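The structure appears below as structure tokens.
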Amino acid sequence: MVRVLVVDDSVTVRALFENIINDSEEYILAGTLENAKAAPIFCMREQVDLVIMDVYTKNRENGLEAAAEIKKQFPGIKIIISTSLPEASFQEKAKGAGCESFWYKELGDIDLKSIMDRTMSGESVYPENNPVIEIGMAKSVEFTPMEMEVLRKLCDGKINKVIGEELHMSENTVKFHITNMLSKAGYSNKYQLAIDAVEQKLIVPGF
């Protein structure tokens, strides 16, 4: 039996995952947590074969950081990152942390049980693309990777000069990227752009 740890701050989601595990013949529930920070400690104390880890957990604890710590200490434990947030960077961060698979709760076209089975059989299952989010008149896929980097810094409240310094570009280049995004989205100022990106969860500041 595969022992599964579920980490999610939603009571409803935890109950759903528990039902999936309890209804299966291959899996058994090792435990549930609502705070990602406690997950590495749990793995030290209990046998865990698979972790289903939410990104954004109770008290703003970062599931991606917890997953990286688990993989560092227990590389044999397989991890599926799950989220309802369409934040553009989460998939790459999950891969960087060594997580085997990634699943969008509401937006995924593959059911969780299938991803669990495929992950435990040695596959790495990731969506082909990030969810497409509308930002004003634009779709998120219309923003270039560099524009997204600028937008992320903008959503962190940084001014153009600081953004340029951190991304190793001139202030004029930063303004150029912001102007392009404003043109695509149909907005008149960068603050409206940043607010919409955060409200639509395209960017989650601090993550």
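Within a straight-line Cα-Cα reach of under 17 Å, LYS158 can be paired with the following aspartates and glutamates, leaving aside sequence neighbours fewer than 8 residues apart in one chain: GLU147, GLU149, GLU166, GLU171, ASP196. Per residue, the solvent-accessible area of the chain (1.4 Å probe, heavy atoms of protein chains only, all protein chains present) comes to 50 Å². Here's the picture: a label point sits 7 Å out from the Cα of ILE28 along the beta-carbon direction, and within the range 44-85 the residues with their amide nitrogen under 17 Å of it are 45-51. How much of the DSSP beta bridge set in the range 10-132 is antiparallel, as a percent to the nearest 5? Approximately 10 percent, going by the DSSP bridge assignments. Taking a Cβ cut-off of under 11 Å around LEU50, the surrounding Lys, Arg, Asp and Glu residues balance to a net charge of -2, with basic ones at +1 and acidic ones at -1. Of the residues VAL141, ILE178, SER124, the one whose Cα sits farthest toward the positive end of the charge dipole of the range 104-207, with +1 on the Cβ of Lys and Arg and -1 on the Cβ of Asp and Glu, is ILE178. Using Cβ point charges alone (K and R +1, D and E -1), the dipole size of the range 95-176 about the Cα centre works out to roughly 240 debye. Dipole magnitude for the chain: computed about the Cα centre from +1 point charges on Lys and Arg Cβ and -1 point charges on Asp and Glu Cβ, it is near 640 debye.
Across the range 110-207, the fraction of Cα-Cα pairs farther apart than 23 Å, rounded to a whole number, is 36%.
Counting every alpha-carbon pair across the range 50-141, the share separated by more than 18 Å comes to 44%.
Taking the accessible area of the chain, probe 1.4 Å, and keeping the other protein chains in place, the carbon and sulfur fraction comes to 51%. Do the alpha carbons of any pairs in LYS105/LYS175; LYS113/LYS139; LYS113/LYS153; LYS78/LYS105 sit beyond 26 Å of each other, and which pairs? Those over the limit are LYS105/LYS175; LYS113/LYS139; LYS113/LYS153. Sort the chain into rounded, prolate or oblate with this rule: let a ≥ b ≥ c be the square roots of the eigenvalues of the Cα gyration tensor; rounded if a/c is under 1.5, and if a/c is not under 1.5, prolate when a/b is larger than b/c, oblate otherwise. It is prolate, given that a/c is not under 1.5 and a/b is the larger ratio.
The values are calculated or read from the model by the stated rules, or taken from the named source; none is laboratory data. In this text, all values refer to a predicted model and were calculated from it rather than measured experimentally. Ideal geometry is used to build each Cβ from the backbone, glycine not excepted, and the neighbour counts take in all protein chains shown. Calculation scope for accessible area: heavy atoms of the full protein, side chains included, ligands and nucleic acids excluded. Shrake-Rupley method; radii C 1.70, N 1.55, O 1.52, S 1.80 Å.
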